[in-house]
Amino acid sequence: MRLTFSAELVNDPFGDPGLYVDFQFEPRALLFDLGNLAPLPPRKLLRISDVFVSHTHMDHFFGFDRLLRICLGRETRLRLYGPPGFTAQVEHKLAAYTWNLVESFPGDFTIDVWELDRGWQARGTRLRCHQRFQGEPLEARQLQDGVLLDEPAFRVRAAFLDHGTDCLGFAVEEKAHVSVWKNRLAELGLVVGPWLKELKDAVTRGAPDDTPVHARSSDRDGRHERLIPLGTLKDLVVQQVPGEKICYVTDVAFHPDNVQRIVALAGGATQLFIECAFLEQDADHAARKLHLTARQAGSIARAAGARLVIPFHFSPRYAGREAELRAEVEEARRASPSIPGTTA
Ligand SMILES: [Zn+2]
Ligand SMILES: [Zn+2]
């Protein structure tokens, strides 16, 4: 199967949280959280188009400066997404520097910040280098079902989670791969051509089955156009392969509402990156810190039906005990009898 993305943690699991999602077929990447970005070389930072910040505890946000430093002076644009209060926090970071000479910088580095609220209203602010990063309001957007970004090949969805403060979880959902059986086209007297793009686009966007498709056919009298319902073509000539789903969840309290939201976000994930700050033997401490234990994370992964679980954000107290954390997650993912948080 043709994979569009590859995802990897920015740091080792004891380091700052962060996920880099690289595009295989274009010079582009998505970044989740802005902790320590030192492992990412400039060429990787410059591929980033969109940054999704779960919350602004320092281990998730202090790397903003490194990204800013690399992008400054370039004609590049970044979109940043974050929870309530996020725009002011980005502006405060920028306000810590002096910008009196930036008008002469060759490129007008631009940041579009999108701050989300619990009603899924996204308020945008444009911050341009040549304007000394003075905010210019963008038209507010009302998001549907937590979808922040909806592109032809994928979408990014968010969920509001609780960490004593609003904390966002994210899922990158690749849309189904649509391909056409060329041999079956021929059997139906149809020919390849630009109309197949129309067909694939209609399938990808989920158009109704009675949508007429302008198919091209060929016979001894020449070429013709035939209107064929989309549903018929889907049955006869289209193959759909489900896309990847990469989910990133960190810094969350273990309680029923959070568990339900995470399971909904991560349902059917092909890769679930999930925090495992503590071992279950320290569950009381985890609860006070509003973090998950490895067992809790594993039980959530099991409830979500995640195919692969990648734990991270291990507490430094377990240095040298990484194998225990990993074993606890896996054990709970395979055999969790129930999710304690869901029965309360
Ligand atoms: Zn935190
Ligand atoms: Zn954290």
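Annotations for the structure displayed:
- The range 127-180 shape via C-alpha gyration tensor axes, a/c threshold 1.5: oblate
- Long-range HN-HN contacts of residue 48 with modeled amide H, under 5 Å: 29
- Value of D in µm² per second that Stokes-Einstein yields for the range 210-266, Kirkwood Rh from Cα pairs, at 37 °C (0.692 mPa s): 206
- Using R0 = 41 Å, the C-beta based FRET efficiency linking residue 150 and residue 220 works out to 0.35.
- Normalised by the number of residues in the range 86-175, the mean separation of alpha-carbon contacts (under 8 Å, six or more apart) gives a relative contact order of 18 percent.
- The slack in the chain from residue 141 to residue 232, taken as 0.36 nm per residue of separation less the alpha-carbon distance, amounts to 29.1 nm.
- Ignoring lysines fewer than eight residues from residue 200 along the same chain, the ones with Cα atoms less than 26 angstrom from its Cα are 175, 182, 234, 245.
- Residues whose amide H lies under 5 Å from that of residue 10, counting only those 5 or more places away or on a different chain, are 18, 19, 20; hydrogens are built 1.01 Å from N in the peptide plane.
- Remark on the range 253-297: hydrodynamic radius 10.9 angstrom, per the Kirkwood mean of 1/r across alpha carbon pairs.
- Built amide H within the under 5 Å cut-off of residue 177, gap 5+: 241, 243
- Helix-derived mean residue ellipticity, 222 nm - over the chain, DSSP H n ≥ 4, -39500 (n - 2.57), to 500: -7500 deg cm²/dmol
- Cα gyration tensor shape of the chain, rounded if a/c is under 1.5, else prolate or oblate by comparing a/b with b/c: oblate
- Principal axis dimensions, the range 20-59 - Cα atoms, whole angstrom, descending: 33, 18, 11
- Fully extended contour minus Cα-Cα distance, from residue 188 to residue 319, at 0.36 nm per residue: 40.8 nm
- For the range 40-105: rounded, prolate or oblate by the Cα gyration tensor [a/c cutoff 1.5]: oblate
- Phi to ³J(HN,Hα) by Karplus 6.51 cos²θ - 1.76 cosθ + 1.60 over the range 232-241, Hz, x for Gly, Pro: 5, 5, 4, 5, 9, 10, 9, 10, 10, 10
- Sulfur and carbon atoms: percent of accessible area, the chain [1.4 Å]: 50
- Projecting label points 7 angstrom from Cα along Cα→Cβ for residue 211 and residue 101 puts them 5.4 nm apart.
- When the Gaussian network model of the chain links Cα atoms closer than 10 Å, the mean-square fluctuations of 219, 166, 108 top out at 219.
- Charge dipole of the chain about the Cα centre (unit charges at C-beta), most positive-ward option of 68, 169, 239: 239
- The phi torsions of the range 260-272, fed into the Karplus equation with coefficients 6.51, -1.76 and 1.60 and a -60° offset, translate into couplings of 4, 5, 5, 4, 5, 5, 9, x, x, 4, 7, 9, 10 Hz, rounded to whole numbers, with Gly and Pro shown as x.
- Relative contact order of the chain, defined on C-alpha pairs under 8 angstrom at six or more residues apart (%): 12
- Note that the range 300-310 has calculated 3J(HN,Hα) couplings of 5, 4, 5, 5, 7, x, 5, 6, 10, 10, 10 Hz, one per residue in order, obtained from phi through the Karplus relation 6.51 cos²θ - 1.76 cosθ + 1.60 (θ = phi - 60°); glycine and proline are x.
The values are calculated or read from the model by the stated rules, or taken from the named source; none is laboratory data. No experiment lies behind these values; they were computed from the predicted model shown. No Cβ is skipped: glycine too gets one built from the backbone with ideal geometry, and neighbour counts run over all protein chains shown. Accessible surface is based on the protein model in full, side chains and every heavy atom, while ligands, DNA and RNA are left aside. Shrake-Rupley method; radii C 1.70, N 1.55, O 1.52, S 1.80 Å.
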